[in-house]
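What follows is a short report on a single structure.
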C-alpha cells in the first residue's frame with residue numbers, strides 16, 4: 001500500500017492478497033489467513049472490523065497492482081522520450097503489456113471488484129479512494145506529456161485517464177466468448193485511437 005501501516009495489519013493484507021491470486025473472496029476463511037500469516041485471531045479483529053473488511057482491503061490492493069505497474073512503465077517512458085514518435089512507440093509497448101490474453105484473470109478480478117462495490121458503502125468508499133489515486137496519477141502523466149508538446153492541447157487529461165482504464169478493463173467483453181477477436185486487432189485499434197485522438 002502507498003502509506004505506512006502497522007506490520008501486523010500489513011501481514012494480514014499481504015497474506016490475503018496472495019490468497020486472492022488463486023481464490024475468490026468467498027472461498028477464503030479466517031483460519032486460513034491466520035494459519036498462513038501466523039497472526040492471532042485477536043490481532044486480526046484489532047486491525048479489522050471483520051473478515052469482510054480485510055477481504056475488501058486486500059481486493060482494493062490487488063485492484064491497484066496492475067494499474068500501478070502501468071503507471072510505473074509510463075512514468076519511465078515519459079521521462080525519456082524526446083519525440084511524438086517515441087511516445088507513440090512507448091504507448092504501443094504499454095498497450096501490448098496490459099491488454100493481452102494472459103491478463104484476462106486480472107480483468108475479471110477488477111470487474112468483480114467494481115461490481116462488489118455497488119451495494120457495499122464501506123468497500124465502495126475504499127475502492128473509490130484508490131481509483132481516484134490511480135486516475136489522478138494517469139492524469140498527471142498525460143499532463144506532463146502534454147506540457148512537453150506530445151499530447152493535443154485540447155485533450156482533456158482526466159477524460160483520457162479514465163478512457164485508458166476503461167479500455168483496459170473493457171477487453172473483458174471479449175474474454176468469455178468463443179469467437180474472440182485477434183489480440184493484434186485490438187492493439188492496432190488502441191494504437192489508432194492514441195495516434196489520432198490523444199496525440200496532436
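The values are calculated or read from the model by the stated rules, or taken from the named source; none is laboratory data. None of these values were measured; they are calculated from a predicted model. Don't worry about glycine lacking a Cβ; one is built from the backbone with ideal geometry, like all the others, and counts go over all protein chains shown.
Give me a count of the residues in the stretch 70-100 that are surrounded by fewer than 16 Cβ atoms within 10 Å (Cβ to Cβ) and over 22 Å from residue 189 (Cα atoms).
6
Considering only the stretch 122-142, I want to know if a residue exists there that is touching a helix residue (DSSP H, G or I) at 6+ places or on another chain (Cβ under 6 Å) and farther than 30 Å from residue 53 by Cα.
Yes, the stretch 122-142 contains at least one residue that is touching a helix residue (DSSP H, G or I) at 6+ places or on another chain (Cβ under 6 Å) and farther than 30 Å from residue 53 by Cα.
Looking at (1) closer than 25 Å to residue 25 by Cβ; (2) without any contact (Cβ under 8 Å) to a residue 40 or more places away in the chain, which one does residue 196 not meet, given that it meets all the others?
Of everything listed in (1) closer than 25 Å to residue 25 by Cβ; (2) without any contact (Cβ under 8 Å) to a residue 40 or more places away in the chain, residue 196 misses just condition (1).
Going by the structure shown, is residue 58 under 29 Å from residue 167 (Cβ atoms), in contact with a helix residue (DSSP H, G or I) (Cβ under 9 Å, 6 or more places away or on another chain) and at pLDDT 90 or above?
When the stated conditions are applied, residue 58 passes them.
Any idea which of (1) surrounded by fewer than 17 Cβ atoms within 10 Å (Cβ to Cβ); (2) farther than 23 Å from residue 197 by Cβ; (3) touching a helix residue (DSSP H, G or I) at 6+ places or on another chain (Cβ under 7 Å); (4) modelled with pLDDT under 90 is the one residue 175 doesn't satisfy?
(4)
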